[in-house]
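The values are calculated or read from the model by the stated rules, or taken from the named source; none is laboratory data. From a predicted model like this one, the values you see are computed outputs, not experimental measurements. Note that each Cβ is placed from the backbone with ideal geometry, even for glycine, and that neighbours are counted across all protein chains shown.
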Ligand code: NAD
């Protein structure tokens, strides 16, 4: 078993981006600028946004955080999105999900200008991705693709099973894995909450990508000997032995599955760090106007 070390790979990617930013700014270019909108005080969202901002500092990006109380109206939030759309200094921005129930996430996502949509959630970016056109790829699937590439994992002709069909992970992941490119060219099966015979389907996977949000759901019985296992899940489970009172768990039972896998991502220290790299890479592309002129 080989560990797909998100810590190591993400630090290499961040160092590469920093070198590019340093070179660019030394020539008089503007620092790439990533902004984030955070609504409410959800602990996990706070952690994710703080880590994105810290990464910006490490690699020489400018970052801005706009905070709103959880009773913010949709109109107020749309106003903030419009402000960032029109701010020439901001290259890209994200709206940290989930949003409170009274706000329609799709309405907010569609209001973000596609050229600044560095999370890759806007229908134009999703549509361009589906057509194989240059687009900001959804940050988590983008990070996973980069991880597979850097670990030189063979994908052509393999059976890739994706558990989860969410707009931000499962669905774009399945599209990227079937594209006629590397990594890609897989035969993809997408599974969800209504899938029957989930275990049998997973057992036929050469590459198993798990994103359902249920801690340690996937055990060795779901995994073929030698499979590549990518664990997207991040759940907080109560743990009295931790200072925080909780432990972070993936969707895969690591101890149980690792001996069967050829490659496996740990949680924490796996896909989460790669997601940030996807976001930073998209922001660099936005600053250089590589996709939208
Ligand atoms: P979601 O809740 O939007 O989607 C979950 C999907 O799992 C759904 O499509 C559902 O049909 C499927 N599902 C639920 N129960 C199932 C079952 N018993 N069998 C088969 N399929 C089932 O979740 P999401 O936003 O895609 O996130 C999934 C997990 O990934 C969560 O733990 C989330 O915290 C984590 N996540 C991690 C990152 C990261 O950077 N590592 C990024 C995004 C999400």
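Take residues that are at pLDDT 95 or above, more than 8 Å from the ligand (Cβ to nearest atom) and within 21 Å of residue 130 (Cα to Cα) and tell me which of the helices (runs of 4 or more DSSP H) falling wholly in region 155-274 contain 1 or more.
On the way: elements: 170-178, 198-203, 254-257.
So the answer is 170-178.
Return a yes/no flag: does region 271-283 have any residue that is more than 14 Å from the chain's Cα centre (by Cα) and surrounded by 15 or more Cβ atoms within 10 Å (Cβ to Cβ). Before you say what the answer is, go through the steps one by one.
From region 271-283, those more than 14 Å from the chain's Cα centre (by Cα) are none; that's our starting set.
Within region 271-283, none of the residues are more than 14 Å from the chain's Cα centre (by Cα) and surrounded by 15 or more Cβ atoms within 10 Å (Cβ to Cβ).
Filtering region 212-234 down to residues that are at positive phi and touching a helix residue (DSSP H, G or I) at 6+ places or on another chain (Cβ under 9 Å), which residue is surrounded by the fewest Cβ atoms within 10 Å (Cβ to Cβ)? Of everything passing the filter in region 212-234, 226 is surrounded by the fewest Cβ atoms within 10 Å (Cβ to Cβ). Looking across region 31-64, just one residue is more than 16 Å from the ligand (Cβ to nearest atom) and modelled with pLDDT under 95, and that is 41. Against the definition (within 16 Å of the chain's Cα centre (by Cα) and either surrounded by fewer than 16 Cβ atoms within 10 Å (Cβ to Cβ) or not assigned by TED's automatic domain parsing to the domain that holds residue 51 (or both)), how does residue 102 come out, yes or no? No; evaluated as a whole, the condition is false for this residue.
Restricting attention to region 199-211, the residues that are buried (at least 18 other Cβ atoms within 10 Å of the Cβ) and touching a helix residue (DSSP H, G or I) at 6+ places or on another chain (Cβ under 8 Å) add up to 5.
Need a quick list: helices (runs of 4 or more DSSP H) entirely within region 1-99 having at least 2 residues that are touching a strand residue (DSSP E or B) at 6+ places or on another chain (Cβ under 9 Å). It would help to see each step written out before you state the result.
Values: elements: 6-26, 43-59, 74-86.
The qualifying helices (runs of 4 or more DSSP H) are 43-59, 74-86.
Of everything listed in (1) over 15 Å from the mean Cα position of the chain (by Cα); (2) in the same structural domain as residue 155 (by TED's automatic domain parsing), the single unmet condition for residue 144 is (1). Listed by first and then second residue, the pairs with beta-carbon distance under 6 Å, at least 6 apart or on different chains, first residue in region 112-125 and without any contact (Cβ under 8 Å) to a residue 24 or more places away in the chain, second part of a strand (DSSP E or B), are 125/117.
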